[in-house]
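Scroll down for the structure; my scribbles are underneath it.
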Amino acid sequence: MISVVVLVAVVAVAVVAYRALSAGQMSSSTSAGSASTSSSSIDQSQALSQSPGNSSSANGSGSAMSGGSSGNSQALPSFSVLDSSGAKVSSDSVIGKPTFIGFWATWCPNCVSEAPDIQKLYDTYGDRVNFMMIDCVDGQRETVDIAKQWIESKGYTYPVYFDTTNQASLALRVQYLPTIYLVDAQGNVTSMKIGSTSFDAMATALDGLLAS
(Lines give C-alpha, C1' and ligand atoms only; values in the text may rest on other atoms or scores of the structure.)
Protein backbone atom coordinates (compact mmCIF):
# COMPACT_ATOMS: atom_id res chain seq x y z
CA MET A 1 0.00 0.00 0.00
CA ILE A 2 2.81 2.41 0.88
CA SER A 3 4.46 1.72 -2.48
CA VAL A 4 1.24 2.58 -4.30
CA VAL A 5 0.88 5.87 -2.41
CA VAL A 6 4.48 6.84 -3.17
CA LEU A 7 4.03 5.98 -6.85
CA VAL A 8 0.87 8.11 -7.08
CA ALA A 9 2.67 11.03 -5.41
CA VAL A 10 5.60 10.80 -7.85
CA VAL A 11 3.25 10.75 -10.84
CA ALA A 12 1.33 13.78 -9.49
CA VAL A 13 4.54 15.78 -9.02
CA ALA A 14 5.69 14.86 -12.52
CA VAL A 15 2.38 16.04 -14.05
CA VAL A 16 2.53 19.39 -12.20
CA ALA A 17 6.16 19.94 -13.24
CA TYR A 18 5.35 19.15 -16.87
CA ARG A 19 2.45 21.61 -16.94
CA ALA A 20 4.58 24.35 -15.35
CA LEU A 21 7.35 23.75 -17.89
CA SER A 22 4.90 23.86 -20.79
CA ALA A 23 3.40 27.13 -19.53
CA GLY A 24 6.87 28.65 -19.17
CA GLN A 25 7.79 27.68 -22.73
CA MET A 26 4.57 29.23 -24.09
CA SER A 27 5.22 32.46 -22.16
CA SER A 28 8.78 32.69 -23.50
CA SER A 29 7.56 32.11 -27.06
CA THR A 30 4.94 34.85 -26.78
CA SER A 31 7.42 37.35 -25.33
CA ALA A 32 9.92 36.61 -28.08
CA GLY A 33 7.26 37.17 -30.71
CA SER A 34 6.29 40.50 -29.21
CA ALA A 35 9.91 41.65 -29.09
CA SER A 36 10.37 40.64 -32.72
CA THR A 37 7.27 42.61 -33.73
CA SER A 38 8.26 45.74 -31.82
CA SER A 39 11.81 45.69 -33.16
CA SER A 40 10.88 45.03 -36.79
CA SER A 41 12.35 47.39 -39.39
CA ILE A 42 10.36 50.42 -40.50
CA ASP A 43 10.40 50.88 -44.27
CA GLN A 44 9.62 54.56 -44.63
CA SER A 45 9.90 56.12 -41.19
CA GLN A 46 12.00 56.19 -38.06
CA ALA A 47 10.65 55.08 -34.69
CA LEU A 48 10.15 57.81 -32.13
CA SER A 49 10.61 55.61 -29.07
CA GLN A 50 10.34 58.36 -26.51
CA SER A 51 6.83 59.29 -27.60
CA PRO A 52 4.34 56.47 -27.04
CA GLY A 53 1.30 56.71 -29.22
CA ASN A 54 -1.10 54.88 -31.48
CA SER A 55 -0.17 54.64 -35.13
CA SER A 56 -2.37 53.35 -37.91
CA SER A 57 0.62 51.72 -39.53
CA ALA A 58 3.70 50.09 -38.07
CA ASN A 59 5.63 50.15 -41.33
CA GLY A 60 5.49 53.90 -41.82
CA SER A 61 3.30 53.89 -44.91
CA GLY A 62 0.50 55.69 -43.08
CA SER A 63 -2.57 56.95 -44.84
CA ALA A 64 -2.64 58.76 -48.14
CA MET A 65 -2.38 62.50 -47.75
CA SER A 66 -5.44 64.36 -48.87
CA GLY A 67 -6.66 67.92 -48.57
CA GLY A 68 -10.07 69.39 -47.87
CA SER A 69 -12.47 68.87 -45.02
CA SER A 70 -13.47 65.36 -44.00
CA GLY A 71 -16.34 63.95 -42.01
CA ASN A 72 -13.73 62.14 -39.91
CA SER A 73 -11.79 65.31 -39.03
CA GLN A 74 -11.10 66.05 -35.38
CA ALA A 75 -10.16 69.20 -33.54
CA LEU A 76 -6.44 69.85 -33.24
CA PRO A 77 -5.52 68.99 -29.64
CA SER A 78 -4.07 71.74 -27.48
CA PHE A 79 -0.30 71.76 -27.00
CA SER A 80 2.60 74.19 -26.69
CA VAL A 81 6.03 74.23 -28.32
CA LEU A 82 8.94 76.65 -28.28
CA ASP A 83 9.87 78.89 -31.19
CA SER A 84 13.46 79.68 -32.20
CA SER A 85 13.68 82.45 -29.59
CA GLY A 86 12.50 80.17 -26.79
CA ALA A 87 9.02 81.70 -26.53
CA LYS A 88 6.08 79.37 -25.91
CA VAL A 89 3.68 79.01 -28.85
CA SER A 90 0.24 77.40 -28.47
CA SER A 91 -1.43 75.23 -31.08
CA ASP A 92 -4.43 77.54 -30.70
CA SER A 93 -2.47 80.24 -32.52
CA VAL A 94 -2.78 78.41 -35.86
CA ILE A 95 -6.58 78.50 -35.90
CA GLY A 96 -7.92 80.85 -38.57
CA LYS A 97 -5.60 79.69 -41.33
CA PRO A 98 -4.83 76.32 -42.97
CA THR A 99 -1.81 74.78 -41.27
CA PHE A 100 0.89 72.29 -42.21
CA ILE A 101 2.37 70.53 -39.16
CA GLY A 102 5.43 68.35 -39.65
CA PHE A 103 7.23 66.33 -36.96
CA TRP A 104 10.89 65.69 -37.68
CA ALA A 105 14.43 65.30 -36.29
CA THR A 106 17.92 65.58 -37.72
CA TRP A 107 18.65 61.90 -36.95
CA CYS A 108 15.75 60.81 -39.18
CA PRO A 109 17.05 60.16 -42.74
CA ASN A 110 13.65 60.59 -44.38
CA CYS A 111 13.11 63.88 -42.56
CA VAL A 112 16.43 65.13 -43.87
CA SER A 113 15.77 63.95 -47.43
CA GLU A 114 12.36 65.62 -47.66
CA ALA A 115 13.49 68.92 -46.09
CA PRO A 116 14.22 70.57 -49.47
CA ASP A 117 10.64 69.79 -50.53
CA ILE A 118 9.36 71.30 -47.28
CA GLN A 119 11.33 74.46 -48.05
CA LYS A 120 9.93 74.54 -51.59
CA LEU A 121 6.46 74.03 -50.17
CA TYR A 122 6.96 76.90 -47.73
CA ASP A 123 8.23 79.17 -50.52
CA THR A 124 5.11 78.34 -52.54
CA TYR A 125 2.39 78.37 -49.87
CA GLY A 126 3.91 80.24 -46.92
CA ASP A 127 1.77 83.33 -47.48
CA ARG A 128 -1.47 81.29 -47.33
CA VAL A 129 -0.63 78.43 -45.00
CA ASN A 130 0.85 78.32 -41.49
CA PHE A 131 3.87 76.04 -41.24
CA MET A 132 4.85 74.38 -37.98
CA MET A 133 7.88 72.14 -38.45
CA ILE A 134 8.15 70.63 -34.96
CA ASP A 135 11.53 69.23 -33.99
CA CYS A 136 11.25 66.27 -31.60
CA VAL A 137 13.85 67.06 -28.95
CA ASP A 138 14.92 64.18 -26.69
CA GLY A 139 18.04 65.80 -25.23
CA GLN A 140 20.28 63.03 -26.56
CA ARG A 141 19.99 62.27 -30.25
CA GLU A 142 18.28 65.62 -30.75
CA THR A 143 18.81 68.92 -28.96
CA VAL A 144 17.65 72.43 -29.75
CA ASP A 145 21.22 73.44 -30.61
CA ILE A 146 21.73 70.48 -32.94
CA ALA A 147 18.52 71.28 -34.80
CA LYS A 148 19.24 75.02 -35.00
CA GLN A 149 22.75 74.44 -36.33
CA TRP A 150 21.46 72.00 -38.94
CA ILE A 151 18.70 74.36 -40.13
CA GLU A 152 21.17 77.24 -40.36
CA SER A 153 23.76 75.17 -42.22
CA LYS A 154 21.16 74.18 -44.83
CA GLY A 155 19.74 77.68 -45.19
CA TYR A 156 16.15 76.61 -44.57
CA THR A 157 13.75 79.41 -43.68
CA TYR A 158 10.53 77.57 -42.83
CA PRO A 159 9.33 78.07 -39.24
CA VAL A 160 10.84 75.55 -36.82
CA TYR A 161 9.47 74.83 -33.35
CA PHE A 162 10.86 72.63 -30.59
CA ASP A 163 8.92 69.97 -28.71
CA THR A 164 11.21 69.85 -25.67
CA THR A 165 8.67 68.18 -23.36
CA ASN A 166 7.04 65.78 -25.87
CA GLN A 167 3.80 67.64 -25.30
CA ALA A 168 3.04 68.06 -29.01
CA SER A 169 4.04 64.54 -30.06
CA LEU A 170 1.98 63.03 -27.25
CA ALA A 171 -1.03 65.23 -28.03
CA LEU A 172 -1.04 64.08 -31.65
CA ARG A 173 0.11 60.53 -30.82
CA VAL A 174 3.20 60.74 -32.99
CA GLN A 175 5.15 57.49 -32.97
CA TYR A 176 7.13 57.67 -36.20
CA LEU A 177 9.08 60.33 -38.08
CA PRO A 178 8.41 62.03 -40.32
CA THR A 179 4.71 62.54 -39.63
CA ILE A 180 2.66 65.30 -41.26
CA TYR A 181 -0.74 66.70 -40.26
CA LEU A 182 -2.94 69.08 -42.23
CA VAL A 183 -5.25 71.36 -40.27
CA ASP A 184 -8.04 73.47 -41.75
CA ALA A 185 -8.76 77.10 -40.89
CA GLN A 186 -11.28 76.02 -38.23
CA GLY A 187 -8.61 74.06 -36.37
CA ASN A 188 -9.67 70.58 -37.49
CA VAL A 189 -7.12 67.92 -38.43
CA THR A 190 -8.20 66.85 -41.91
CA SER A 191 -5.46 64.35 -42.79
CA MET A 192 -2.14 62.88 -41.73
CA LYS A 193 0.72 61.00 -43.34
CA ILE A 194 3.43 58.86 -41.79
CA GLY A 195 6.69 58.50 -43.71
CA SER A 196 8.23 60.28 -46.67
CA THR A 197 5.95 62.32 -48.89
CA SER A 198 6.72 63.87 -52.26
CA PHE A 199 6.43 67.58 -52.99
CA ASP A 200 3.67 66.92 -55.54
CA ALA A 201 1.59 64.94 -53.03
CA MET A 202 1.97 67.60 -50.36
CA ALA A 203 1.20 70.41 -52.81
CA THR A 204 -1.92 68.64 -54.05
CA ALA A 205 -3.09 68.17 -50.46
CA LEU A 206 -2.53 71.83 -49.64
CA ASP A 207 -4.39 72.89 -52.78
CA GLY A 208 -7.35 70.81 -51.62
CA LEU A 209 -7.16 72.29 -48.15
CA LEU A 210 -7.10 75.84 -49.49
CA ALA A 211 -10.04 75.13 -51.80
CA SER A 212 -12.25 73.72 -49.03
Check: In terms of solvent-accessible area of protein heavy atoms at a 1.4 angstrom probe, what is the ranking of Thr165, Thr143, Thr99, highest value first?
Finding: Thr165, Thr143, Thr99
Check: Please identify the trypsin sites (Lys or Arg not before Pro) of the stretch 138-180 that satisfy two criteria: DSSP loop assignment and at most 16 other Cβ atoms within 10 Å. Which are they?
Finding: Arg141, Arg173
Next item on the list: Check cross-link reach from Lys154 to the lysines: straight Cα distance under 18 Å, and skip same-chain residues fewer than eight apart.
Entry: Lys120
Checklist line | Label-point separation, Asn188 to Ser93 (7 Å along Cα→Cβ), nm | finding: 2.6
Notebook entry, point to check: Using the Cα gyration tensor of the stretch 82-205, with a ≥ b ≥ c the square roots of its eigenvalues, what is the shape: rounded (a/c below 1.5), prolate (a/b larger than b/c) or oblate (neither)?
Noted result: rounded
Check: Residue separation times 0.36 nm, minus the C-alpha to C-alpha distance between Ala171 and Thr124: what's the value?
Finding: 14.1 nm
Next item on the list: Be a star and scan the stretch 102-118 for residues whose amide nitrogen sits under 19 Å from the point 7 Å along the Cα-to-Cβ vector of Ser212.
Entry: 102-103
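The values are calculated or read from the model by the stated rules, or taken from the named source; none is laboratory data. Just so it is clear, the model here is predicted, and its values are computed rather than measured. Don't worry about glycine lacking a Cβ; one is built from the backbone with ideal geometry, like all the others, and counts go over all protein chains shown. What goes into the accessible areas is simple: the full protein's heavy atoms, side chains included, and nothing from ligands, DNA or RNA. Shrake-Rupley method; radii C 1.70, N 1.55, O 1.52, S 1.80 Å.
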